[in-house]
Amino acid sequence: MSVDTATVAKIASLARIRVSDAEIEAMVPELNGILAWVEQLGEVDVTGVEPMTAVIPNTLRLRDDVVNADPLTGGDIRDKVLANAPAAEHGFFGVPKVIE
């Protein structure tokens, strides 16, 4: 794939970026270099390689999701909190509909 000045100008227009003619001329070889590198990556044989999201294995450290029953430090006081709500519905704060 090759990029020319008209393509760079079209991309800049679509992205709403003001680019001078000199900048367009400078971007053409840069974008062509990037696209050539991407095409080169497509030639790499990756059969048998598992997709990954990170180089090192990451695991989330999770805690148990339990309700703290201590009335001083929180948890299990839904009815007391909802007593302050102008409108409570099904155990939640009722809010006015905002989508028409």
Between residues in the stretch 24-43 that are more than 16 Å from A6 (Cβ to Cβ) and residues that are loosely packed, with under 10 Cβ neighbours inside 10 Å and not polar (S, T, N, Q), which pairs lie under 8 Å by C-beta distance while being six or more apart or on different chains?
-> E39/M1
Output the qualifying pairs, or none if there are none: Cβ atoms under 8 angstrom, residues six or more apart or on different chains, first residue in the stretch 47-72 and at negative phi, second residue at pLDDT below 85.
-> V67/G75; V67/D76; N68/G74; N68/G75; N68/D76; A69/G75; A69/D76; P71/I77
Does N68 meet the test of being modelled with pLDDT of 90 or more, surrounded by 10 or more Cβ atoms within 10 Å (Cβ to Cβ) and not aliphatic (A, V, I, L, M)?
-> no
If you scan the stretch 28-40, which residues turn out to be more than 27 Å from the chain's Cα centre (by Cα) and under 10 Å from V8 (Cα atoms)?
-> V28
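The values are calculated or read from the model by the stated rules, or taken from the named source; none is laboratory data. Here the structure is a predicted model, which means the values were calculated and not measured. All Cβ positions, even for glycine, are placed from backbone atoms using ideal geometry, and neighbour counts span all protein chains on display.
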